[in-house]
Amino acid sequence: MDRIGQALGVSGGDRGGSSRRLWAAAGAGVILMVAGAVTAGLLWGRSELAVGADEADTYAAAPGCSSVPREDVRSLVPDAALETSRHGPMDDADSSTCVWTSVGSQGPPRSLHLDFTAHYTDKAGDVSGARAAERRLEQLAPIGDLEGAAPVPELGEGAMAWPGTADGTSAEVVFRRDNLLIQVFYGGDTDGGGGMGYDQARDSAVTVAEQVAASL
């Protein structure tokens with residue numbers, strides 16, 4: 001489940017490495033990874049495999065970056081810069097991605113990354129958008145006994161949080177609202193330098209998730 005670490009080529013054996021170096025790399029690596037994924041989604045949509053929302057689907061489109069409260073972004077990512085803002089259709093879904101970083105600023109290097117995916121009822125009408133989002137949430141949940149992984153009941157049924165990197169300096173939170181799936185990744189260094197603890201990263205990611213949920 002070490003998604004960011006895996007994307008950057010960081011293994012569990014690198015726990016003693018520099019958190020600052022990891023998140024400086026993350027500021028570029030995650031953005032490139034996200035941009036590529038969203039571009040693939042856009043091309044997928046252009047091949048006419050995408051389908052519009054059904055009347056029963058609560059969310060007809062994925063929210064944009066403006067749905068994330070600015071005060072929360074600024075409090076978690078000092079001198080935040082919106083590095084990625086993408087929105088486009090996918091197969092039976094609509095997706096948007098937002099990434100803010102403070103890499104290269106005066107403050108500590110931090111990153112806040114949100115993915116929104118509005119799942120649609122399939123063409124045959126057999127699987128509702130809400131059920132598709134629920135299935136995806138189940139697929140994303142950690143397999144096995146991952147240390148630190150735990151339900152987040154305040155975000156609803158199936159919501160989970162777990163470490164986003166092997167060194168425990170980031171957290172990932174995933175939850176849904178009807179047919180909309182929301183993923184929040186947050187982590188980096190503390191103000192005094194050194195890696196942020198997982199508990200702090202988790203609490204901050206959950207706070208953002210709660211604010212986003214309230215704004216939907």
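Rounded to the nearest 20, the size of the Cβ-charge dipole of the stretch 44-152 about its Cα centre is 400 debye, with Lys and Arg at +1 and Asp and Glu at -1.
Here r is the Cβ-Cβ distance between Ala81 and Ile143 and R0 is 35 Å; the resulting FRET efficiency, rounded to 0.05, is 0.50. A Förster radius of 41 Å, combined with the Cβ-Cβ distance separating Gln200 from Ala60, puts the computed FRET efficiency at roughly 0.70.
Every read-out reported here was derived from the displayed coordinates using simple, explicitly stated rules and does not represent laboratory data. Here the structure is a predicted model, which is why all the values come from computation and not from measurement. Here the Cβ is made from the backbone with ideal geometry for all residues, glycine too, and neighbour counts use every protein chain on show.
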